[in-house]
Amino acid sequence: MARLPADILEEVDYEQLFWQLMRGAAEKVLDAKSYGLKPSEWAEQKRVMSNVLSATPGHWDNNNTPYLTEIMDNFAPHSGCREFVVLKSTRMGFTTAMMNVFGWIIDQQPCATRLLIPNETTLKDIMNLQLDDLIITSGLAKKIVATTNVKSKKKTGSSTFEKNFVNGHIIGASLNSKQALASYAAQVIVVDEFDEVLQGKEKSHEDIRTRVRDRASTYGRRARLAYMSMPSDKETSQVYKLFLDGDQRYYFVPCPYCGEYQRMQWQDEHGNFLFHYELDHADRYVKGSAAMICQNKACGKHVQEHYKYEMLKAGQWRATTIAKDGALRSYQINGLYSNFRDWDDIVEQWILAQGDVSRLQSFVKSILGEPWEDRQFSGLWRRLRTVNRSENMSQALEFYWSNEQLASIKFITVGVDVQHNYLEGQIVGWASYGVSYDLHHFQVKSSSLDLDDKETGESSLSLAFAELRRMIVENDWNSPYLGKGHLAPQLKRAIAIKGVIRPHIILVDSGYKPDLVYNFCAYFKNRGVYASRGQNSLSSGQVIDAKPSDQAGTTIVKMHTDILKSELDQAMRDSDFDKVAINIQRTRDEHYFKGLASERRVERNGKFYWEKSAGHKRNEVLDCWVMARGGLWFLASHISAGRAINWDKIFK
């Protein structure tokens, strides 16, 4: 009986499928022979953890930390990954995983390898203890070969910062040293504690990354580059910025009840808690009550920690976005995934951190593996910027205030902050006790001033004061509203004033170079220009204490800066779209708003203090506003002539 064409086609399809499967199997066998074991496979077969350095001695088991498998295998020749970054919490096993990779390199894929760590003490610990322990317990001692140590003239295969083996070596270097990225090519480069490298440094993460990539460029696709770190502050964390450049991978695990894959998170992006715990009648944590809340709304079950081991085994890394840099994989993982840290411990650390900013920072960075963001600071400056800008872009480009707004201004004060070799000032128009307008912000320095030149600081400062004196005498502020400014006539008509519009009060900070400030203010003979000084020890409720000083030759205005900062802080918080209390020019940049909101009020041992926010260390803008605010109080106390200040009457 003749076969039908369909039967013939079906047989051909099966035959093709058979040979495809055979070809795939053969390729896998050839790959295995060519590349050998993957790092994670090598670790399970040959890595033995000693009881000296490990809490879980014995043969390495990937099931204890399955999230490390892909990280280790990124170093394999056929992984397709050339460069990756890990944003992590502490006690996750990443250092041990890197030791596994180094063991695999020594045994399977010898090559030139660099380990770069900022802290030299940590580097010595890793090279002398952990790497040596790996070499001994995993049977790699015979792989280490002797080389000549130039200084001692001795043959050695193992020194403090170097391990040598056939066709390769592992060299450790501190990234704070000049030799760290010297002209040594390397196929594998691991940068640990990336954020710590850059603390106090002017180099950007791109500068370090560029130099690392340059050292590995000769190896092309065979190069493997890794950056790992616990993050620092969100505004400055370089590893976080690098993470955002990549494809942002998170480790997803299945809910044991509904099977939906999800991340283990403490909170979501909206601040909603995704972890549950219970307190007893005395508000003490009930041990064993910590549970992950399933994010599947149809499930919502509380998942206890005893499910964690199996959840992790079934977990998988998933990219959540398309990388800005197509060659970069980026990973983030927190302490909730760790089998070396109990959920009970994490909850107790969270409870202890409440009301303690330093502990809270440590919790966010070291346990959650997230950069610290002072949300109070961040929310304040962003909100202030938002309410001072219209949603309508054409309106947002309008630089100046309306006639109605200008007409409400009754007084103008100036605060001048004295820096090492320049002056910074703020001109403020006051419409009422709680409503103000940013009329101008300025810096005064000589044209040849180098802000980094400390040797010429005093002479440069003298030149800056000479320029400020000229500005005051000539009423030349380079402001659109004062002196020769093109909107000065508009302001003059709006507030119905005759004559030239000048600042009513100018306060100059005398905390730095007081003699220079006193001489400057004495020139004006108590005619609107005075020295100021912050002093929080004034009598209760007193904001200003102004007294002439024969020694200084001018009146010194002592200000209760805590009160003045509280008033400005409240005005910033009172600002909304219906009524803006602090009106800032719409062209001000992010740096200006951050500077204005750069301090926050904190409580310690029953006392309140103002401290700089972690997100922004420069507070000159705020200091200028504080002095301008102090100038308003000084003016009001002078008008009141010793009587209690009636602000409604002052601004009537």
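Going through (1) open to solvent by 30 Å² or more (accessible area, probe 1.4 Å); (2) modelled with pLDDT of 95 or more one by one, A282 falls short only on (2). Close Cβ contacts (under 6 Å, 6 or more residues apart or on different chains) running from residues in the stretch 559-573 that are within 21 Å of G429 (Cβ to Cβ) and without any contact (Cβ under 8 Å) to a residue 12 or more places away in the chain to residues that are open to solvent by 40 Å² or more (accessible area, probe 1.4 Å) and of a type in the set (A, V, I, L, M) are absent. For the stretch 66-78, the set of residues classified as touching a Pro at 6+ places or on another chain (Cβ under 9 Å), touching a residue at least 60 places away in the same chain (Cβ under 8 Å) and not hydrophobic (A, V, I, L, M, F, W, C) consists of N74 only.
Checking L87, L129 one by one, the residue that is open to solvent by 50 Å² or more (accessible area, probe 1.4 Å), in contact (Cβ under 8 Å) with a residue 40 or more places away in the chain and either within 24 Å of R221 (Cβ to Cβ) or not in a loop (DSSP other than H, G, I, E, B) (or both) is L129 and no other.
Considering only residues that are under 30 Å from W372 (Cβ atoms) and of a type in the set (A, V, I, L, M, F, W, C), look in the stretch 608-640 and name the one that is modelled with the lowest pLDDT. Within the stretch 608-640, the match that is modelled with the lowest pLDDT is A614.
For the stretch 35-73, a tally of residues being hydrophobic (A, V, I, L, M, F, W, C), assigned to a loop (DSSP other than H, G, I, E, B) and in contact with a Ser or Thr (Cβ under 6 Å, 6 or more places away or on another chain) returns 0. Quickly run through the stretch 292-310 and pick out the residues that are assigned to a strand (DSSP E or B) and in contact (Cβ under 8 Å) with a residue 40 or more places away in the chain. Listed by number, the residues that qualify are M292, V303. Residue under question is N536, and the condition is that it be assigned to a loop (DSSP other than H, G, I, E, B) and surrounded by fewer than 17 Cβ atoms within 10 Å (Cβ to Cβ); does it hold? Considered against the rule, which asks whether it is assigned to a loop (DSSP other than H, G, I, E, B) and surrounded by fewer than 17 Cβ atoms within 10 Å (Cβ to Cβ), N536 comes out as yes.
Scanning the stretch 288-301 for residues that are over 13 Å from P254 (Cα atoms) and surrounded by 15 or more Cβ atoms within 10 Å (Cβ to Cβ) yields S289, A290, A291.
The combined condition, being under 17 Å from the mean Cα position of the chain (by Cα), at pLDDT below 90, of a type in the set (G, A, S) and surrounded by 22 or more Cβ atoms within 10 Å (Cβ to Cβ), is fulfilled by S237.
For the criterion of being over 23 Å from S237 (Cβ atoms), open to solvent by less than 10 Å² (accessible area, probe 1.4 Å) and small (G, A, S), A97 fails. Just one residue in the set L451, L507 is at pLDDT 85 or above and under 39 Å from the mean Cα position of the chain (by Cα); that residue is L507.
The values are calculated or read from the model by the stated rules, or taken from the named source; none is laboratory data. The structure presented is a predicted model; accordingly, all values stated were derived computationally and were not measured. So basically every Cβ, Gly included, is an ideal-geometry build from the backbone, and we count neighbours across all protein chains shown. All accessible areas refer to the heavy atoms of the entire protein, side chains included, with ligands and DNA or RNA removed. Shrake-Rupley method; radii C 1.70, N 1.55, O 1.52, S 1.80 Å.
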